[in-house]
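Only the coordinates and a few stated rules stand behind these numbers; no lab work does. Quick caveat, the model's predicted, so the values are computed rather than measured. In this analysis, Cβ positions are derived from the backbone assuming ideal geometry, glycine residues included, and neighbour counts consider all displayed protein chains.
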Amino acid sequence: MSLDLLMMALAVGVATYAFRFGPTKLNLQGLPETSPLGRFLAATGPAAIATLFVASILPMLRAETGQALPLVFGTTAVLAVFFWRRSVVAATLAGALAYGLTVWAAALP
Amino acid sequence: MTPPATFRSGLFAALPIAMGYLPIAFSFGVAATRAGLSEAETVMLSLVIYAGAAQFLALALITSGAPLILSAFTLIAMNLRHLLYGPSLLKAAGQGASTGRAWAWAFGLTDEVFGAALGHLARGGRFSEPFMLGLSLGAYASWVGGTGLGAVAGGGALQDWPALDAGLGFMLPALFLALLLSILTRPQLPAITVAALVTVGVTLGLSPTAGILCGMCAGAVAGVLGRRAA
């Protein structure tokens, strides 16, 4: 194993771990809900999830190959199953299943 | 009051993440061995760094011959967004959230694990460290396992199963959409809308990494300003 590669991985791994673990030790118990930092932290979660959804679906929307139909069926399945069962796990699995089945059906002769 | 979530329920909540990680980690394993890394080096990157986008970028930097110190700084900067996840999650968890074992579960506080934990709290679940451990461990095992499989199997393994490959590839977008629905409330709409629009604009104009960081920060600032104006 390359020692240089190992050292680089360790440096990045330790820094990433510090970013994830370090801030969990901040004392936020006394932080008022209405303070700017309190509002910022409360809005970070929804903003992060919206960002990650857009970032994950954008390459599919920009792809030239026929991904539109699977995307429509996959997204519809997520919406339908979520509003039916209120389950993130069930909605996710249904969306992936609908997407995969549409790709399979589109490839049939 | 609902009881604290268990380690087992954390593992169950990790299921869609694990299924979404598997093909991506598999792809990383294939790409890394094609780039000239040994199987051991490939798995080591997933074991130690455990940050998908940063790992793919690491491959690009390594194969382009960039100095390792420059690569390390670039990858570290890319992961800065993780600074916000712990405080945001603990703020949502409320008073009395224990962090005694955060040294273990915070290692696995990736984008997806953070989103799933936040969704769990938004649906009325209680924060618990065993749940976080289960969630983190399930996702981590899938990431490392998928990398190993990709490194060993090579690129042709899923070529005979295009529908399965496509379905697994849609797992993470589906997960993020379901998580977004689970936390969607009227007061959060400004943050969500601004985050989405800024992500699209910056991704198309600059890069996907900048798009994620700018979208997240702009959405959070919009949440602050929106609530102040309300």
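Adding -39500 (n - 2.57) for every DSSP H run of four residues or longer, then dividing by how many residues chain A holds, sets the calculated 222 nm ellipticity at -26500 deg cm²/dmol. One chain, two ends: residue B:8 and residue B:197. Fully extended at 0.36 nm per residue, the span grows by 64.3 nm beyond their Cα-Cα distance. By the combined test of axial Cα extent (at least 30 Å) and Kyte-Doolittle hydropathy (mean at least -0.5), the qualifying DSSP H helices of chain B come to B:129-153, B:208-229. From the alpha carbon centroid of the stretch B:34-82 to that of the stretch B:158-230 is 24 Å.
Roughly how large, in nm² to one decimal, is the mean projection of the convex hull of the alpha-carbon atoms in the stretch B:43-85? Can you show the working numbers first?
Working: hull surface 12.4 nm².
The Cα convex hull of the stretch B:43-85, projected and averaged over all directions, gives 3.1 nm².
For chain A, the ratio of Cα radius of gyration to the globular rule of thumb 2.2 N^0.38 Å stands at 1.59. Over all Cα atoms in the protein assembly as shown, the spread is summed up by Rg and Dmax: 19.4, 64 Å.
Note on residue B:101 and residue A:63: their simple-model spin labels are 3.9 nm apart, each label 7 Å out from Cα toward Cβ.
With the cut-off at 16 Å, report for the stretch A:65-109 the share of all Cα pairs above it, as a whole percent. Before the final figure, lay out each step's value.
Working: 344 of 990 pairs.
Here the tail beyond 16 Å accounts for 35 percent of pairs.
Each 10 Å bin, from zero up to the one with the longest distance, holds this percent of the alpha carbon pairs of chain B: 8, 28, 36, 22, 6, 0.
Would you kindly state how much longer the chain becomes between residue A:87 and residue A:2 on full extension, computed as 0.36 nm times their sequence separation minus their alpha carbon distance, in nm to one decimal?
Working: separation 85, 0.36 × 85 = 30.60 nm, distance 4.49 nm.
Here the segment from residue A:87 to residue A:2 would lengthen by 26.1 nm.
Going from the residue with the fewest nearby Cβ atoms within 10 Å to the one with the most, B:112, B:41 rank B:41, B:112. Summing Lys and Arg as +1 and Asp and Glu as -1 over all other residues whose Cβ lies under 14 Å from the Cβ of residue B:182 gives a net charge of +2. Rg and Dmax over the alpha-carbon atoms of the stretch B:60-173 stand at 17.7, 51 Å. Between residue A:25 and residue A:104, full extension at 0.36 nm per residue minus the direct alpha carbon distance yields a gain of 23.6 nm.
Regarding the stretch A:8-62, what's the average projected area of the Cα-atom convex hull, expressed in nm²?
Working: hull surface 23.6 nm².
Orientation-averaged projected area of the Cα hull: 5.9 nm².
Over chain B, what is the mean sequence separation of C-alpha contacts under 8 Å (at least six apart), divided by residue count, expressed as relative contact order in percent? Each step should come with its number before you reach the end.
Values: 284 pairs, mean separation 76.3, N = 230.
Normalised by residue count, the contact order of chain B is 33 percent.
What FRET efficiency, computed as 1/(1 + (r/R0)^6) with R0 = 22 Å and r the Cβ-Cβ distance, is obtained for residue A:14 and residue B:141, rounded to the nearest 0.05?
On the way: r = 21 Å, r/R0 = 0.96.
It comes to 0.55.
With one equal scatterer per alpha carbon and no solvent term, the Debye-computed log10 I(q)/I(0) for the stretch B:35-121 at 0.14, 0.18, 0.19 1/Å reads -0.60, -0.85, -0.91.
Springs join every pair of Cα atoms under 10 Å in this Gaussian network model of chain A, and among A:76, A:44, A:24 the largest mean-square fluctuation is at A:24.
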